[in-house]
1. Among the residues that make up region 445-462, is at least one of them within 29 Å of residue 277 (Cβ to Cβ) and among the polar types (S, T, N, Q)?
2. From the list 370, 335, which one is among the charged types (D, E, K, R), over 16 Å from residue 33 (Cβ atoms) and open to solvent by less than 50 Å² (accessible area, probe 1.4 Å)?
3. Determine if region 138-146 includes at least one residue that is open to solvent by less than 50 Å² (accessible area, probe 1.4 Å) and in a helix (DSSP H, G or I).
4. Identify all residues within region 365-381 that are part of a helix (DSSP H, G or I) and either among the aliphatic types (A, V, I, L, M) or at pLDDT 95 or above (or both); write none if there are none.
5. Looking at region 249-267, can you tell me whether even one residue there is in a helix (DSSP H, G or I), within 21 Å of residue 82 (Cα to Cα), touching an Asp or Glu at 6+ places or on another chain (Cβ under 6 Å) and open to solvent by less than 10 Å² (accessible area, probe 1.4 Å)?
6. Filtering region 155-174 down to residues that are open to solvent by 30 Å² or more (accessible area, probe 1.4 Å) and part of a helix (DSSP H, G or I), which residue is farthest from residue 261 (Cα to Cα)?
7. Which is among the polar types (S, T, N, Q) and without any contact (Cβ under 8 Å) to a residue 40 or more places away in the chain, of 208, 260, 274, 270?
8. Can you pull out the residues in region 165-205 that are under 21 Å from residue 397 (Cβ atoms), of a type in the set (Phe, Trp, Tyr) and within 21 Å of the chain's Cα centre (by Cα)?
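The values are calculated or read from the model by the stated rules, or taken from the named source; none is laboratory data. The structure presented is a predicted model; accordingly, all values stated were derived computationally and were not measured. Neighbour counts run over all protein chains shown; Cβ positions are idealised from the backbone, glycine included. With ligands, DNA and RNA removed, areas are computed over all heavy atoms of the protein, side chains included. Shrake-Rupley method; radii C 1.70, N 1.55, O 1.52, S 1.80 Å.
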Amino acid sequence: MAELLVEKPAAASTDKGFKRSLGLLDGTMIVAGSMIGSGIFIVSADMLKDLGSTGWLIAAWLITGFMTLTAALSYGELSAMFPKAGGQYVYLREAYNPFIGFLYGWSFFSVIQTGTIAAVGVAFGKFLGYLVPALGDGNVLLGSAEAGFKITAAQLVGIVLIVFLTYINTKGVKGGKLIQTTFTSAKLLALFGLIVFGFLAAKSDIWNMNWTDAWTIKRHASRIDGGASTDWTALTGVAALGAVAAAMVGSIFSSDAWNNVTFIAGEMKNPQRNIGLSLFLGTLIVTLIYVSANLMYVSVLPIGIHGEPAQGAANLAFAQDNRVALSVSNAVFGDIGTIILAVLIMVSTFGCNNGLILAGARVYYTMAKDGLFFRQTGELNRHAVPEYALWIQCAMACLLCLSGRYGELLDMVSFVVVLFYVLTIIGIFILRRKRPDAERPYKAFGYPVLPLLYILMGTAFCLLLLMFQKPYPYYGLGIVLIGIPIYFVALSRKKRIA
């Protein structure tokens with residue numbers, strides 16, 4: 001990391017019209033703020049149902065943190081080579097060809113970014129429902145669960161939030177920057193406070209019980225075949241690895257979006273230094289918080305696999321609606337814990353969605369400049385932001401808000417994002433060979449060992465999901481492949497215009 005601590009002159013950018021108004025603090029807040037949404041408060045319940053083990057729960061978060069930090073340190077080289085808007089799309093285009101870049105951009109628009117924006121927006125609505133029940137998930141406005149389609153007040157709240165934040169970001173990067181820094185700082189402080197108070201309320205007998213037989217993987221029947229709620233199945237060998245991969249869907253989704261800062265490189269001051277450093281600082285902060293939060297969880301409440309009553313019990317694996325942090329907050333703060341946690345998650349999801357919305361539109365902007373997306377998305381408004389791209393992204397995210405299929409979206413997102421992370425890090429090796437003399441103000445930390453290790457771990461994760469988490473990874477792969485005919489349609493249109 002030493003190279004990143006030395007000031008280097010920013011390279012001339014080809015992003016005409018963008019204003020370089022974001023510094024290192026802003027970049028770090030975008031990384032951390034985009035990563036921390038609602039996942040850390042929820043996903044550990046399903047992870048425990050997959051693993052049935054305190055040791056492996058913490059290990060899954062540590063493995064995810066290691067992969068995220070390794071990828072972020074590797075991306076530093078690419079961000080320094082290509083300090084322009086578009087980030088990962090540009091890296092894939094330059095390492096491979098425009099076709100691979102487009103497949104990423106298409107997947108990004110159809111499910112990765114917009115699906116995440118939708119899921120985080122609806123999570124905001126669900127937790128607002130704790131304070132104002134009429135605006136929550138329990139208020140069904142149209143349809144029903146029996147009909148297979150319903151629209152709830154929480155979904156509409158999510159849509160309103162997405163539209164509002166999109167509007168704010170069309171007025172220039174300064175408004176989005178202020179929201180991001182303010183809300184990310186607030187949720188980091190609040191999370192830190194929750195962790196500290198949680199450890200102060202820790203109970204040694206619960207901690208000791210949770211670490212009994214902590215390294216035997218036991219998957220709950222409901223995660224295998226929807227069986228009885230008291231049944232656990234011990235797993236070994238490849239099946240155990242499949243359970244770890246399935247559990248990591250939650251931790252990887254919670255840790256994703258760290259690369260969003262690369263999309264706004266055209267607006268970063270001294271991007272060759274600040275993007276790589278913000279990637280490292282942001283992912284390190286979040287990884288430490290996530291591991292600490294889960295250690296705190298298992299020190300306050302039983303994990304729910306040692307004979308405690310399952311549903312409705314004050315334990316982690318069977319927390320009501322998977323709201324692990326809510327159960328912990330109630331144990332620490334009493335009845336007011338519900339309000340404290342609901343407000344914290346609303347602050348967290350608000351700031352998270354702002355970062356996702358701010359950064360995502362820059363990918364479509366760069367694709368349009370290459371003639372591979374709607375032409376208007378490649379134009380900046382008078383505030384020097386891609387307004388049309390922001391509204392296109394908003395429309396797709398709002399549509400996904402109405403789908404109501406967030407669990408499936410997250411399974412697809414986790415598979416697709418890791419697939420493209422692997423391809424991008426392979427791109428570092430390709431570019432070292434294709435462009436050996438290219439300027440590299442910062443080189444991937446631990447090259448070639450750490451990037452190669454990520455490639456192996458990411459590939460194993462994707463293969464295990466394809467084997468054990470059917471059918472959703474295949475749906476995600478299908479979305480990527482749908483981009484193939486769309487690319488050739490876009491290419492022929494580009495040739496006609498030319």
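1. yes
2. On the way: 335 fails: open to solvent by less than 50 Å² (accessible area, probe 1.4 Å).
Only one candidate passes the filter, namely 370.
3. no
4. Taking region 365-381 first, the residues part of a helix (DSSP H, G or I) are 365-369, 375-378.
Once the filter is applied, which keeps residues that are part of a helix (DSSP H, G or I) and either among the aliphatic types (A, V, I, L, M) or at pLDDT 95 or above (or both), region 365-381 yields 367, 368.
5. yes
6. Filtering region 155-174 for residues that are open to solvent by 30 Å² or more (accessible area, probe 1.4 Å) and part of a helix (DSSP H, G or I), the one farthest from residue 261 (Cα to Cα) comes out as 156.
7. Working: 260 fails: without any contact (Cβ under 8 Å) to a residue 40 or more places away in the chain; 274 fails: without any contact (Cβ under 8 Å) to a residue 40 or more places away in the chain; 270 fails: without any contact (Cβ under 8 Å) to a residue 40 or more places away in the chain.
Of 208, 260, 274, 270, the one residue that is among the polar types (S, T, N, Q) and without any contact (Cβ under 8 Å) to a residue 40 or more places away in the chain is 208.
8. 183
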